[in-house]
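FYI, it's all coordinate maths here, none of it is from the lab. A quick note: this is a predicted structure, and the numbers were derived from the prediction, not measured.
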Amino acid sequence: MGAVTMKAARDCDSGGPSASAQHWARMLLVLMAGVLMFSLAGAPYARACSCVPTTVDEAIAEDDLIAEITIIGRTGTIVGGGGVAYDARVERVWKGEERRRIIFRSAEHIAACGLGRIPTGTTLLAWARGENGMYSMAWCDIPDDAGHDPRSVLTAKVGEPADLTGRPVPFAFHDLLPDHPLVTAGLALLVLVGIGHRVLTAVVVTTVLRRAQRRP
């Protein structure tokens, strides 16, 4: 008790808390700031992707396309919400239209339940929604009970898939463009500038000829 009284007296005599007390106070403030930053920044990302469990039977009933696809490139289209559109070759179809080539979309960030950035050449099993060659998929679309061999599970439930590997892949104009959205946008801009220049030149020439014809 006497030691505490003497310490308090020293603090009062020095005009404030000791250097040790100030050090611990600063450490406490740093710790509180760190906890607050994690709560404001880290927690939303941890909770951003929350899926309701689904089964293979539910996917078969609700999905528009269940197929094995191979990513053959990016179309250069940035979809709303940070999503990316990929060009995909359809190899086998368990459910849905038997189209050899589709546009496959997904969010680029896993925190947003997307599949992340998918490298060209990746083959995956798509549990997708959409129509007319335009499909999208998220992590939440993958059934929880698909197991390590979902293709066998699907075949047991719906039968053998339609094999499209022998069919040719239709040509698309963006096959000629580099596999990067910014480069694609730049080339498209150059094409538009070139078209605009030709149109402007035609207008100027036409105007000059008309004025020349009006002169006596």
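Here are the numbers for the structure shown:
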{"quantity": "Inter-centroid distance (Cα atoms) of the stretch 53-76 relative to the stretch 104-121, Å", "calculated": "13 Å"}
{"quantity": "The stretch 128-134 - phi-based ³J(HN,Hα) in whole Hz, Karplus 6.51/-1.76/1.60, Gly and Pro as x", "calculated": "10, 10, x, 6, 6, x, 10"}
{"quantity": "Kirkwood-Stokes translational diffusion coefficient of the stretch 56-173, alpha-carbon pairs, 10 °C, 1.306 mPa s, µm²/s", "calculated": "110 µm²/s"}
